[in-house]
Structures are given as structure tokens and as C-alpha cells.
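Only one structure is covered here, and it is reproduced in the block below.
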Amino acid sequence: MKLLRTAAVLAVLPLCLHAQQLEFWGEAGGWDVMVDPTLGDGCLIQAAYQDGSVVRIGFDRVEGAGYITAFNDAWGDIEEGATYPILFDLDGQEYDGEAQGIYLNGVPGADIYFTNPDFLWDIAAKYTMTLYNEYGEVMAIDLGGTMSGLEAAIACQEEMG
């Protein structure tokens, strides 16, 4: 369940250049809609969850791809730049992927890129996303409101040109 507006969560984290560059665009479906100038003015949706995770789903206009990024202080063993095999479970439908370890404001995270637009709509149409690594479940999040959030991110993207 989404716990707080992610802007409030990020305000508590130490500031860094990347976090300061996100621009608030609006809200939809319980998600903050943001613009990331470092990704070619790519729009994204962002939410914070009860387990401490902050999740972003968005568009990287520089790479021409979509992404899911999740951060959580509890993931301290992540190595920046390392790749990790992962499995997404979207209401029982499984997808294999690869995540790259990253840090934002000193918080470890996983960055997962994809180029298949059907995957984005599969996420939006489902209720729960569970992410697994080789050791087991990493996180499970409620996807309620994601369709509205992604529709707003697309409107944002169209506005950005």
C-alpha cells in the first residue's frame, strides 16, 4: 500500500543533484507524476510504500526505453553498476529481467530497463508486482492506480514534446 506522497519521502532523504532535478508535474492514481531532465525530460510516476521502498516507473527519452526503479534502505548489499538477474511476477504472470544496482541519496536500488511497451501495460493492468532475485522475494507492491498514473505520465510526455 502506498504510504506517503513520495515527494515527502524524498525530502527526508539527503539531497543529491539527481533528486533535485526531478520536477513535479502532477498526481494521478496515488502516484506523483514527475519529469526527469537527466533522462531527456522523461516523465515518470513515483510512489512510496509501507516497506520503505520508493518505486519509479517511467520513460528514458535518452535511451528510448521504459524503466522501473526501486530503492530501499534495507537493500544494503547492492553493488552500484553490478547486474542482477530478477523475476517479475505480475498477478501470476512471470517475466525474467536484469537489474542494475544503483544508489540515490545513498539509498540502494535496482534499475530495470525494458523496450517492450506491452510490459508497461501489463504492469498497469495488474494488481500486484512481486520482484524476486536469486535469494527470494525482494518486494511486493500494490499496483492500484498505476493505469491512471501511467496515463498521466503519457500526457506529461506528450506535453514535454
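The values are calculated or read from the model by the stated rules, or taken from the named source; none is laboratory data. Note that the structure is a prediction, hence the values are computed from the model and not measured. Neighbour counts run over all protein chains shown; Cβ positions are idealised from the backbone, glycine included.
Of the residues making up segment 27-71, those that are charged (D, E, K, R) and over 14 Å from Phe114 (Cβ atoms) are Glu27, Asp32, Asp36, Asp41, Asp51, Arg61. Residues that are over 17 Å from the mean Cα position of the chain (by Cα) and in contact (Cβ under 8 Å) with a residue 24 or more places away in the chain were ranked within segment 86-102; the one that is farthest from Tyr113 (Cα to Cα) is Asp91. Taking segment 97-112 as the range and being of a type in the set (S, T, N, Q) and not in a strand (DSSP E or B) as the test, only Asn105 passes. Give the residue that is surrounded by the fewest Cβ atoms within 10 Å (Cβ to Cβ), with candidates limited to residues of segment 32-54 that are in contact with a Ser or Thr (Cβ under 7 Å, 6 or more places away or on another chain) and not polar (S, T, N, Q). Here the answer is Ala48. Only residues that are closer than 24 Å to Tyr84 by Cβ and either among the basic types (Lys, Arg) or modelled with pLDDT under 95 (or both) were counted in segment 144-161, giving 0. So, in segment 60-104, of the ones that are surrounded by fewer than 17 Cβ atoms within 10 Å (Cβ to Cβ) and among the polar types (S, T, N, Q), which residue ends up modelled with the lowest pLDDT? So the residue we want is Gln93.
If you go through segment 53-85 and pick out every residue that is over 27 Å from Glu151 (Cβ atoms), free of Cβ contacts under 8 Å to residues at least 40 places away in the same chain and outside any strand (DSSP E or B), you end up with 9.
Only one entry in Tyr95, Tyr84 is touching a Phe, Trp or Tyr at 6+ places or on another chain (Cβ under 6 Å) and of a type in the set (Ser, Thr, Tyr), namely Tyr95. Close contacts from segment 109-132, counting a first residue that is in contact (Cβ under 8 Å) with a residue 12 or more places away in the chain and a second that is among the acidic types (Asp, Glu) and assigned to a helix (DSSP H, G or I), with Cβ to Cβ under 9 Å and a gap of 6+ residues or different chains, come to Ala124/Glu151.
Candidates in segment 128-161 are the residues that are part of a loop (DSSP other than H, G, I, E, B) and out of contact with any strand residue (DSSP E or B) (no Cβ under 7 Å at 6 or more places or on another chain); of these, the one that is surrounded by the most Cβ atoms within 10 Å (Cβ to Cβ) is Gly144. Residues that are of a type in the set (Asp, Glu) and farther than 18 Å from Val54 by Cβ within segment 80-131 comprise Asp89, Asp91, Glu94, Asp96, Glu98, Asp118, Asp122, listed in sequence order.
Taken over segment 113-122, the residue count meeting the criterion of being surrounded by 20 or more Cβ atoms within 10 Å (Cβ to Cβ) and among the β-branched types (Val, Ile, Thr) is 0. The single condition from (1) over 20 Å from Trp31 (Cβ atoms); (2) small (Gly, Ala, Ser); (3) without any contact (Cβ under 8 Å) to a residue 60 or more places away in the chain that Gly106 fails is (3).
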